[in-house]
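Notes follow once the structure below has been shown.
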Number of protein chains: 2
Amino acid sequence: MSSPELPLPLDDLGLFTDLYELTMSQAFFRQGMNAVATFSLFTRTYPDNRGYFIAAGLEAVLDYLCNLSFSVESIDYLKSTGMFANDFLEYLKGLKFTGSVRAIPEGRLYFTEEPAIEITAPLIEAQLAETLIINQVNLQCLLATKAARCVWAAQGRGIADFASRRTQGTDAALKMARASYIAGFSSTSNVLAASRYGIPPVGTMAHSFISSFSSELTAFRAYAESFPDRTVLLVDTYDTITGTWNAVQVAKELEENGNNLVAVRLDSGNFNELSRKVRRILDSSGLAYVKILASGGLDEYELEALTEVGAPIDMYGVGTKAGVSADAPWSDMGYKLVSYDGKPVMKLSRDKASLPGAKQVYRTKDMKGMFARDIIALESENLPGGLPLLEEFMKKGERTSPATSLEEIRARFQEDFSALDDRFKVLKNPPRFPVGLSGKLERLTSEVREELLGANVSDSD
Amino acid sequence: MSSPELPLPLDDLGLFTDLYELTMSQAFFRQGMNAVATFSLFTRTYPDNRGYFIAAGLEAVLDYLCNLSFSVESIDYLKSTGMFANDFLEYLKGLKFTGSVRAIPEGRLYFTEEPAIEITAPLIEAQLAETLIINQVNLQCLLATKAARCVWAAQGRGIADFASRRTQGTDAALKMARASYIAGFSSTSNVLAASRYGIPPVGTMAHSFISSFSSELTAFRAYAESFPDRTVLLVDTYDTITGTWNAVQVAKELEENGNNLVAVRLDSGNFNELSRKVRRILDSSGLAYVKILASGGLDEYELEALTEVGAPIDMYGVGTKAGVSADAPWSDMGYKLVSYDGKPVMKLSRDKASLPGAKQVYRTKDMKGMFARDIIALESENLPGGLPLLEEFMKKGERTSPATSLEEIRARFQEDFSALDDRFKVLKNPPRFPVGLSGKLERLTSEVREELLGANVSDSD
């Protein structure tokens with residue numbers, strides 16, 4: 001049995017954690033400290049050129065928490081390290097996640113400092129889950145946000161995810177397909193992702209296909225014979241213009257049997273120049289219906305440039321640079337303890353301070369229905385007029401509702417994205433969306449800070 | 001059943017591929033084109049500031065090829081897309097990899113244009129494997145190379161992999177542990193990776209551990225009670241200097257019971273300044289044996305700067321920036337058809353041309369045993385005086401030898417790295433290691449180019 005969302009064998013979920021989660025847990029266990037804690041997952045700062053995030057990855061977190069346990073083999077391994085006491089290992093053997101999860105639903109936009117997910121559970125359960133939760137949500141959030149930037153830059157042209165071969169591993173390939181579909185990509189080349197997530201699969205041919213035939217024209221004909229009604233011809237293996245004329249030839253042959261060539265694909269060279277030349281060749285040959293697909297080294301910056309010059313490209317395939325979020329391959333997303341045993345807590349480290357207490361985020365809209373401002377408040381507060389973003393997804397270790405379909409998540413993103421003013425979507429140095437703190441949260445933050453400084457720092461000053 | 005190297009359920013391996021691998025395969029199948037092909041995996045250009053690569057990822061490729069098949073569910077999914085013919089699906093149902101694999105062994109250094117792996121198999125089998133092969137080898141090569149740069153910059157200080165929480169997914173977390181261990185890291189925080197790969201696990205405590213106690217000192221004492229002989233105290237939750245004095249207190253209490261505090265960990269602030277202050281406090285307290293560990297935002301550039309100023313740091317924990325290879329999160333590694341049915345082939349696309357024919361790489365050394373020059377030659381050539389780098393790992397679909405242990409791979413890297421002149425290891429703009437082509441390969445490249453231009457381009461000029 002394995003978890004399709006992670007993707008890891010269920011038996012291994014317990015060990016997918018940083019060692020310190022386990023050593024800390026043993027220390028907690030030894031102290032009898034396993035009261036209810038709340039951890040908050042949030043991103044402190046925007047990576048370069050980012051002004052919003054897309055909530056993504058919650059489904060993997062829920063799947064993990066529902067299945068978290070330590071197999072006999074896992075316990076044996078831990079025993080073999082010589083670090084753990086038998087009573088603690090016995091405790092781990094029976095461990096299940098029994099807590100609750102509140103989160104901003106996948107597909108929603110959110111901003112820095114806002115908790116994307118809050119986990120409330122016995123301290124040890126919540127602590128052990130840290131590594132996998134950050135790993136999954138950080139990745140999917142980065143990829144969905146990168147993809148949304150591409151969709152925005154392409155201004156309505158369809159985009160296919162071609163990233164699988166150069167994402168950072170198999171999990172990232174599957175998550176890129178999922179996250180980019182949430183953000184508006186139209187399809188994925190990854191067949192496993194397509195089958196798992198119900199995303200339309202897409203694909204044409206590689207240069208190697210052309211190279212393995214005696215000539216490009218022979219290769220084109222062979223492909224068209226197998227897929228008469230869904231052929232896209234890759235025209236740059238030897239020379240894009242010659243390739244296009246060969247495609248024209250095959251398109252005419254397809255027409256004779258009542259079929260239409262779908263598109264030609266450009267995969268190298270100057271896309272603006274080449275797409276114009278290719279468009280002219282196709283149009284002058286009576287093939288105005290044949291579309292042009294471009295792929296190869298594209299990201300949101302390239303897409304915006306092509307959109308601005310009006311290159312006659314109908315569809316894009318986007319791969320490597322989007323699939324690794326190349327200009328922002330990481331964020332400083334963290335998972336911080338904000339409450340233990342009913343008492344708000346925080347961290348004071350320089351540049352890494354956190355806000356105490358379990359929270360809620362309230363979003364207000366203007367008269368036109370556009371996002372106006374978010375307020376981060378305590379969970380216990382109720383700010384009238386704002387939409388509370390965090391919803392309950394697990395309670396007492398059980399999911400409170402069935403998984404949301406990817407289509408619904410995708411629709412939710414569309415709805416949110418259209419309510420975000422365009423000025424926050426510019427690709428370079430976007431302004432900050434206004435996010436404030438409630439008065440109660442501000443006061444609590446000051447109080448807890450004072451108290452901590454009193455207990456921990458006064459003797460050194 | 002699942003493959004620990006990938007990590008994906010074995011039943012899903014067939015579908016982990018780009019759709020076009022399958023559509024091309026159907027076209028090949030329809031044409032009766034399934035003669036023996038050779039594909040070559042290589043990286044065309046160095047990412048910024050890179051001057052060498054480390055071979056890594058072969059074990060995942062071999063594991064994949066040994067297990068590649070299409071489950072009944074996979075065939076059903078493909079059928080449901082309406083793209084594939086029944087006879088082709090029947091063929092896929094029985095598909096196994098029956099070819100051979102030649103590769104540069106893991107741990108060896110190699111350079112641009114050199115084939116890291118060559119797959120020779122019936123065309124369809126070799127084509128279908130493209131996506132996963134690039135995905136795995138590209139990732140592990142990038143991570144191992146990044147880690148080697150860190151090890152070089154730390155000049156003998158131990159480095160632990162702390163990257164799991166922010167690698168791009170679960171697969172990347174496991175591969176980061178593996179690849180960085182190959183390149184000389186001493187340990188990993190990821191317990192699953194430690195257990196699978198036999199890497200020493202390492203871990204201390206998080207800020208949340210400190211925050212969940214009433215004071216830092218109480219937290220330190222609680223941890224030391226559980227791990228009296230292996231405690232590393234994180235001292236920056238509130239204030240690094242106060243935290244260090246609390247650590248001194250606990251170190252003294254440990255001494256009373258015959259135990260020694262192992263280290264303190266700095267995780268924020270100016271590491272050079274703080275490590276000097278902390279060292280002075282420890283030394284003046286009779287705790288010269290307590291080591292200093294630094295972590296947080298480190299990469300090879302930071303490590304080099306700390307080494308150069310002589311910061312008294314004994315060990316490092318390296319995370320996010322190494323775990324995503326932040327300054328070079330992708331490479332242009334490709335998998336190109338170089339021979340089909342006994343005939344050498346190549347690709348001419350601008351900036352993406354490839355060298356025809358199955359190959360061997362010969363490495364020559366100078367009088368001191370240092371790497372002098374590599375020559376890329378045809379597989380059929382035998383260049384005297386050079387060490388052939390590619391070895392056979394699979395034949396007729398079976399592994400020709402058992403898997404190499406990670407310790408052996410790590411030793412092989414050490415051996416190779418010490419034979420590479422230091423000037424190629426500088427972190428910024430290293431010179432290019434000299435790699436040439438054999439006369440036969442140069443001639444073949446010209447011949448094939450001429451022939452292809454004749455067949456595919458002449459009519460457009």
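The values are calculated or read from the model by the stated rules, or taken from the named source; none is laboratory data. It should be emphasised that the depicted structure is a prediction, and the values quoted were computed from it without experimental measurement. Neighbour counts run over all protein chains shown; Cβ positions are idealised from the backbone, glycine included.
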Tell me which residues, restricted to segment A:284-300, are in contact (Cβ under 8 Å) with a residue 12 or more places away in the chain, outside any strand (DSSP E or B) and either among the small types (Gly, Ala, Ser) or over 26 Å from B:Leu143 (Cα atoms) (or both). A:Ser285, A:Leu287, A:Tyr289, A:Val290, A:Gly296, A:Gly297
With the checklist (1) at the interface with chain B (Cβ under 7 Å from one of its Cβ atoms); (2) among the charged types (D, E, K, R); (3) farther than 18 Å from A:Leu298 by Cβ in hand, flag the one item A:Arg166 doesn't pass. (3)
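Matching residues to (1) farther than 23 Å from B:Leu15 by Cα; (2) buried (at least 22 other Cβ atoms within 10 Å of the Cβ):
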{"residue": "A:Gly198", "(1), (2)": "no, no"}
{"residue": "A:Gly203", "(1), (2)": "no, yes"}
{"residue": "A:Ser208", "(1), (2)": "no, yes"}
{"residue": "A:Leu217", "(1), (2)": "yes, no"}
{"residue": "A:Arg221", "(1), (2)": "yes, no"}
{"residue": "A:Pro228", "(1), (2)": "yes, no"}
{"residue": "A:Thr240", "(1), (2)": "yes, yes"}
{"residue": "A:Lys252", "(1), (2)": "yes, no"}
{"residue": "A:Val262", "(1), (2)": "yes, no"}
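Residues checked against (1) within 14 Å of another protein chain (Cβ to nearest Cβ); (2) more than 23 Å from A:Cys141 (Cα to Cα); (3) touching a His at 6+ places or on another chain (Cβ under 7 Å); (4) not acidic (Asp, Glu):
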residue: A:Asp366; (1), (2), (3), (4): no, yes, no, no
residue: A:Asp374; (1), (2), (3), (4): no, no, no, no
residue: A:Ala403; (1), (2), (3), (4): no, no, no, yes
residue: A:Phe424; (1), (2), (3), (4): no, no, no, yes
residue: A:Gly439; (1), (2), (3), (4): no, yes, no, yes
residue: A:Arg443; (1), (2), (3), (4): no, yes, no, yes
residue: A:Glu450; (1), (2), (3), (4): yes, yes, no, no
Regarding A:Ala172, is this residue more than 17 Å from A:Leu13 (Cβ to Cβ), buried (at least 24 other Cβ atoms within 10 Å of the Cβ) and either touching a Lys or Arg at 6+ places or on another chain (Cβ under 9 Å) or of a type in the set (S, T, N, Q) (or both)? no
Considering segment B:316-356 alone, what residues qualify as being farther than 21 Å from B:Ile376 by Cα, facing chain A (nearest Cβ under 7 Å) and of a type in the set (Val, Ile, Thr)? B:Thr320, B:Val324
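Results for (1) more than 27 Å from A:Lys175 (Cα to Cα); (2) of a type in the set (Lys, Arg); (3) in contact with a helix residue (DSSP H, G or I) (Cβ under 6 Å, 6 or more places away or on another chain); (4) facing another protein chain (nearest Cβ under 9 Å), shown as yes or no for each residue.
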{"residue": "A:Ser195", "(1), (2), (3), (4)": "no, no, yes, yes"}
{"residue": "A:Ile199", "(1), (2), (3), (4)": "no, no, yes, no"}
{"residue": "A:Ser214", "(1), (2), (3), (4)": "yes, no, no, yes"}
{"residue": "A:Asp229", "(1), (2), (3), (4)": "yes, no, no, no"}
{"residue": "A:Leu233", "(1), (2), (3), (4)": "yes, no, yes, no"}
Within segment A:66-111, track down each residue that is outside any helix (DSSP H, G or I), more than 27 Å from the chain's Cα centre (by Cα) and either β-branched (Val, Ile, Thr) or within 13 Å of A:Asp12 (Cα to Cα) (or both). A:Phe70, A:Ser71, A:Thr81
Condition first: of a type outside the set (S, T, N, Q), in contact with a Gly (Cβ under 7 Å, 6 or more places away or on another chain) and within 11 Å of chain A (Cβ to nearest Cβ). Can you find one or more residues in segment B:95-117 that meet it? no
Residue within segment B:403-421 that is touching a residue at least 12 places away in the same chain (Cβ under 8 Å), in a strand (DSSP E or B) and closer than 18 Å to B:Ile104 by Cα present: no
B:Gly14 being part of a loop (DSSP other than H, G, I, E, B) and closer than 27 Å to B:Cys141 by Cβ: yes
Does B:Ser180 count as touching a strand residue (DSSP E or B) at 6+ places or on another chain (Cβ under 7 Å), closer than 30 Å to A:Glu450 by Cβ and part of a helix (DSSP H, G or I)? no
May I ask you to list the residues in segment B:119-132 that are within 25 Å of A:Asn190 (Cβ to Cβ) and not in a loop (DSSP other than H, G, I, E, B)? B:Ile119, B:Ala121, B:Pro122, B:Leu123, B:Ile124, B:Glu125, B:Ala126, B:Gln127, B:Leu128, B:Glu130, B:Thr131, B:Leu132
Residues within segment A:307-332 that are outside any loop (DSSP other than H, G, I, E, B), out of contact with any Cys (no Cβ under 7 Å at 6 or more places or on another chain) and crowded, with 21+ Cβ neighbours inside 10 Å, tallied: 6
Any idea which of A:Leu58, A:Leu6, A:Leu15, A:Leu19 is modelled with pLDDT under 95 and either closer than 30 Å to A:Leu355 by Cβ or surrounded by 22 or more Cβ atoms within 10 Å (Cβ to Cβ) (or both)? A:Leu6
Residue satisfying all of: in segment A:30-42; of a type in the set (S, T, N, Q) and surrounded by fewer than 23 Cβ atoms within 10 Å (Cβ to Cβ); nearest to the other protein chains (Cβ to nearest Cβ) among these: A:Gln31
Looking at B:Ala27, B:Ala60, can you tell me which residue is within 12 Å of chain A (Cβ to nearest Cβ) and under 30 Å from A:Leu10 (Cα atoms)? B:Ala60
Result of the Cβ filter at 7 Å on segment B:380-391, keeping first residues that are assigned by TED's automatic domain parsing to the domain that holds B:Pro115 and partners that are of a type in the set (Asp, Glu), at least 6 apart or interchain, is B:Leu390/B:Glu118
Would you be able to say whether some residue in segment A:76-93 is at positive phi and touching a helix residue (DSSP H, G or I) at 6+ places or on another chain (Cβ under 7 Å)? no
Can you name every residue in segment B:340-357 that is surrounded by 18 or more Cβ atoms within 10 Å (Cβ to Cβ) and outside any strand (DSSP E or B)? B:Val345, B:Met346, B:Lys347, B:Leu348, B:Ser349, B:Lys352, B:Ser354, B:Leu355, B:Pro356, B:Gly357
What is the residue count in segment A:365-404 for residues that are over 30 Å from A:Ala126 (Cβ atoms) and not small (Gly, Ala, Ser)? 8
Mind telling me which of the residues B:Phe88, B:Phe97, B:Phe84 ends up being touching a Cys at 6+ places or on another chain (Cβ under 8 Å) and either over 30 Å from B:Pro434 (Cβ atoms) or surrounded by fewer than 24 Cβ atoms within 10 Å (Cβ to Cβ) (or both)? B:Phe97
Would you confirm whether or not segment A:150-165 contains a residue that is polar (S, T, N, Q), under 17 Å from the mean Cα position of the chain (by Cα) and closer than 22 Å to A:Val191 by Cβ? yes
Are any of the residues in segment A:141-155 within 9 Å of another protein chain (Cβ to nearest Cβ), in a loop (DSSP other than H, G, I, E, B) and surrounded by 24 or more Cβ atoms within 10 Å (Cβ to Cβ)? no
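Matching residues to (1) touching a residue at least 40 places away in the same chain (Cβ under 8 Å); (2) over 30 Å from B:Gly57 (Cα atoms); (3) in contact with a Pro (Cβ under 6 Å, 6 or more places away or on another chain); (4) not hydroxyl-bearing (Ser, Thr, Tyr):
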position: A:Leu123; (1), (2), (3), (4): yes, yes, no, yes
position: A:Thr145; (1), (2), (3), (4): yes, no, no, no
position: A:Phe162; (1), (2), (3), (4): yes, no, no, yes
position: A:Ser187; (1), (2), (3), (4): no, no, yes, no
Residue check: is B:Gln360 in a strand (DSSP E or B) and of a type in the set (S, T, N, Q)? yes
